[in-house]
Amino acid sequence: MGADGRLRLSALVVEAADGVALTVDHVGVVTVHAAGVDAVAITVALAASPRETVYASDQLAADMEELTTTLGEGPGVDALADGPALAADLNEARRRVRWPVFAPAAIEGGVRAAFALPLQVGGIHLGVMDLYRVRAGPLNPGQLADALLLADTACALLLDTASTGATGYRLEGASLQHPEVHQATGMIIAQAGVSAAVALIRLRAYAYVHDQRLRQVAGDVVARRLRFHSDAGDGDSPDDTEEK
């Protein structure tokens, strides 16, 4: 992209900020229109920690991010390791094979196309920008170029610790997506004697098997209505009776 394109996008982000400090929220607002998509989410994903959605343009974006967090698969997961994941039609056979749980669930939730762009600087993988469309179809070259540049802008802002107090759509008014997931992960580590990564996997698995949202299961763990006991083997056996 030439200098004119960069200046155009920069001007749009500044305009969206309307005189206040720039945040990823402003980048997200511009991305929806520049990329011609219906919803955008910006998520931080570090090591074994649960994904944290720091910006969601609307409820559709929030639902898709929660779905990705619960299932642990989808374009937003692949992009963290393999670079941009561009799925113009989630109903394609290869997409259903790649994401056998996420693809049909996303379609049922009203999304037909999903595009995930990694947020990274050199070898530092900070998170991902997810773009969603309710209709099938690819991003055209101009839309993809704009989205990639805006993803770089979001990454730069995330690396700036001054980007707090953003005003985008927040789930349940939380500063991050679901702090109870962090608490529950820590409790499972203590209960089952497993690593943080394994604790999160088991939390996700329980949510999926019982057709619950991740934050619901996490809330039960935090409230001590659900415990994860370590078995003799590699697995664990959740006990959904209230702790005495």
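Pairwise over distinct Cα atoms, reciprocal of the mean inverse distance: report the Kirkwood radius of the stretch 41-127 in Å, one decimal place.
13.0 Å
Over the stretch 3-173, consider all pairs of different Cα atoms and compute the Kirkwood hydrodynamic radius from their mean reciprocal separation; express it in Å, one decimal.
Kirkwood radius, the stretch 3-173: 15.8 Å.
What span do the alpha-carbon atoms of the stretch 20-72 cover on each of the three principal axes, reported in whole Å from largest to smallest?
Principal extents (Cα only, largest first): 32, 24, 16 Å.
Any read-out appearing in this document is the output of simple, stated calculations on the displayed coordinates, not a laboratory observation. From a predicted model like this one, the values you see are computed outputs, not experimental measurements.
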